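Every read-out reported here was derived from the displayed coordinates using simple, explicitly stated rules and does not represent laboratory data. Bear in mind the structure is a predicted one, so any value in this text is a computation, not a measurement. Cβ placement follows ideal geometry from the backbone for every residue including glycine, while neighbour counts extend to all protein chains displayed.
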Amino acid sequence: MTRLHSQYLCLSAGQCGEEQRRLKQYWYTSWPDQKTPDKAPPLLELVQEVERAREEAPPSSGPIIVHCSAGIGRTGCFIATSILCKQLRTEGVVDILRTTCQLRLDRGGMIQTCEQYQFVHHVLSLYEKQLSCTAEE
């Protein structure tokens, strides 16, 4: 069973909490460490939801922060999928290996296992089918 939660948090800084930030946290609890989720659609839905939220947020809202326990496996899959979905949508072609290699230059170990790499391929193939169906309508 897929467990995807979101919630708003308010963070305060300074002695009296004079600086506050409101942020939205997404939490994918059914994705096991160093593995892949049972199903691909929830990751695609999460990527699309985060992209929608980013587009609706004011420019001053700051960056998107992605992290899992080690910050490389699930994080790498999410970031790669997010980058590649946007690339597929705008350019019509993707290079998953090149994107993975670039992510690994930025942070060593991104996408930890062959299973995770294959999962990114699977999610992108689902997204490509989704784009094809939308284009046909």
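Figures for the structure shown
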item	result
Flag if Arg98 is out of contact with any helix residue (DSSP H, G or I) (no Cβ under 8 Å at 6 or more places or on another chain) and within 15 Å of Gln118 (Cα to Cα)	yes
Subset of segment 73-95 that is of a type in the set (Val, Ile, Thr) and out of contact with any helix residue (DSSP H, G or I) (no Cβ under 9 Å at 6 or more places or on another chain) - its residue that is nearest to Pro41 (Cα to Cα)	Thr75
Gln102 vs. criteria over 12 Å from the mean Cα position of the chain (by Cα), part of a helix (DSSP H, G or I) and surrounded by 10 or more Cβ atoms within 10 Å (Cβ to Cβ)	yes
Unique match (being more than 20 Å from Ile65 (Cβ to Cβ), part of a loop (DSSP other than H, G, I, E, B) and of a type outside the set (Ser, Thr, Tyr)) among Asp33, Asp38	Asp38
Residue match in segment 51-67 (condition: closer than 19 Å to Leu124 by Cα, in contact (Cβ under 8 Å) with a residue 24 or more places away in the chain and outside any loop (DSSP other than H, G, I, E, B))	yes
Boolean, Arg21 is basic (Lys, Arg) and exposed (fewer than 14 other Cβ atoms within 10 Å of the Cβ)	yes
Complete set of residues in segment 5-60 that are aliphatic (A, V, I, L, M) and within 17 Å of Thr81 (Cα to Cα)	Ala40, Leu43, Leu44, Leu46, Val47, Val50, Ala53
All positions within segment 1-30 that are of a type outside the set (Gly, Ala, Ser), closer than 30 Å to Val120 by Cα and not in a strand (DSSP E or B)	Met1, Thr2, Arg3, Thr29
